[in-house]
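Inspection log for the structure reproduced underneath, given as structure tokens.
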Amino acid sequence: MRYGVIGTGAIGGYYGARLAQSGQEVHFLLHKDYDYVKEHGLQVDSCNGSFHLDEPHVYRQAGDMPTCDVVLVCLKSVNNHLLRELLPPLLQPATLVVLIQNGIGVEQDVAQMFPGLRLAAGLAFICSAKTEPGRIDHQCYGQINLGNYSCDDPALVEQVVADFNAAGVKAGLVEYQEARWKKAVWNMPFNGMTVALNTQTNLLLQHEATRQLIREQMLEVIGAAQHLCVKNIDASFAEKMIKMTDEMTPYSPSMKLDFDFHRPMEIHYLYTRPLQIAREAGFRMPKLEMLEAELRFLSKV
């Protein structure tokens, strides 16, 4: 299949490069890195084996890209308004768009922009960063799960999962709501707390007070998900996420990196939207509401 990648950063660069390395036809949209990657190629330094794409298909303008069977949208969600211009040149009637983005509510909003669009959620469990132009630093993990949001051809979603697995990326099919809320169990505590306390994931868990606060925040997300009738999620999932993070290398989540480099933080879909959805269903997450307020303050000072 022909793949397009919108947002060739730490996530899109890694997954797109893995697919290209495995023989898939992949077309990358770049911004600041275009000239460098056009001349030097794309380097992936990975815990699972480093590699280099010598002559990737790269573009400065979406209008120059071909239509694709699958488009991986890996932009930060604060830039989703750009999709009105970036997506149409890549679309054909049967194109599947996979939103590999953080938060809750992104598919609903993109579906309003493009009625009838085939959409799936891409839930990435990965520690990756773009360290310099044309270079991706994949530190650990790398699994991606896909949840079908509005694709009327389930076989197409299954084929994308198969392509990822063939490329050496562990991938699976999951139920959409379950996948989004399970990802939020990790994202909502760790992204905001590393910003608010100016730290990394490992230090939050090494101190008993913040470890307990992280656990309580996770349980708030789980409580909201259960209130919304999300299946297969209970308190044991919080312990699983904490154990997983204990085993990770010290890590700065994407929101911490955005804050450190003075970029807009993804507060809306990571906090405001899920908090609103939970409140409308009659469930409050007070500790995470406080964290959202702190992040709103920090984003303005």
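The values are calculated or read from the model by the stated rules, or taken from the named source; none is laboratory data. The structure displayed is predicted, hence computed values, not measured ones. Backbone-built Cβ (ideal geometry, glycine too); neighbour counts: all protein chains shown. Note: accessible area is taken over every heavy atom of the protein model, side chains too, but ligands, DNA and RNA are not part of it. Shrake-Rupley method; radii C 1.70, N 1.55, O 1.52, S 1.80 Å.
Observations on the structure shown:
- Prolate/oblate/rounded call for the range 164-296, Cα gyration tensor, a/c under 1.5 rounded: rounded
- For K287, a cut-off of 13 angstrom between C-alpha atoms picks up these aspartates and glutamates, skipping any fewer than 8 places away in its own chain: E216, E220.
- For the cross-link pairs K32/K183; K183/K300; K130/K243; K256/K300; K170/K231, the ones whose C-alpha atoms lie over 18 Å apart are K32/K183; K183/K300; K130/K243; K170/K231.
- Local electrostatic count at E294 - Lys and Arg +1, Asp and Glu -1, tallied over other residues with Cβ under 12 Å: +1
- Label-point gap, in nm, between H207 and C229 - each point 7 angstrom along Cα→Cβ: 4.2
- Using a cutoff of 8 angstrom between alpha carbon atoms and counting only pairs six or more residues apart, the relative contact order for the range 1-110 works out to 28 percent.
- Helical contribution to [θ] at 222 nm, DSSP H n ≥ 4, -39,500 (n - 2.57), averaged over the chain, rounded to 500: -13000 deg cm²/dmol
- Proximal charge balance of G105 [Cβ under 15 Å; K/R count +1, D/E count -1]: 0
- On full extension, the segment bounded by E294 and L91 gains 69.2 nm, given 0.36 nm per residue less the C-alpha separation.
- Cα gyration tensor category, rounded, prolate or oblate, for the range 244-284 with a/c compared to 1.5: oblate
- Using a Förster distance of 22 Å, the FRET efficiency for Q61-R84 (Cβ separation, nearest 0.05): 0.90
- Of the solvent-accessible surface of the range 182-231, computed with a 1.4 Å probe over protein heavy atoms with every protein chain present, carbon and sulfur atoms account for 55 percent.
- Each of L83, M290, T67 was scored by the projection of its Cα onto the charge dipole of the chain, and the greatest displacement toward the positive side belongs to M290; charges sit on the C-beta of Lys, Arg, Asp and Glu.
- Length gained on full extension, K240 to N48, computed as 0.36 nm times the residue gap minus the Cα-Cα distance: 66.8 nm.
- Separation in nanometres of the label points that stand 7 Å from Cα toward Cβ, at E132 and F283: 4.6
- Where the alpha-carbon atoms of the chain are placed on the principal axes, they occupy 50, 38, 37 Å, in descending order.
- Rel. contact order, % - alpha carbon contacts under 8 angstrom, at least six apart, the chain: 16
- Looking at the chain, the accessible area is 44 square angstrom per residue; that uses a 1.4 Å probe and ignores ligands, DNA and RNA.
- Across the accessible surface of the range 1-66, with the other protein chains kept in place and a 1.4 Å probe, carbon and sulfur atoms take up 41 percent.
- Local electrostatic count at T67 - Lys and Arg +1, Asp and Glu -1, tallied over other residues with Cβ under 13 Å: -2
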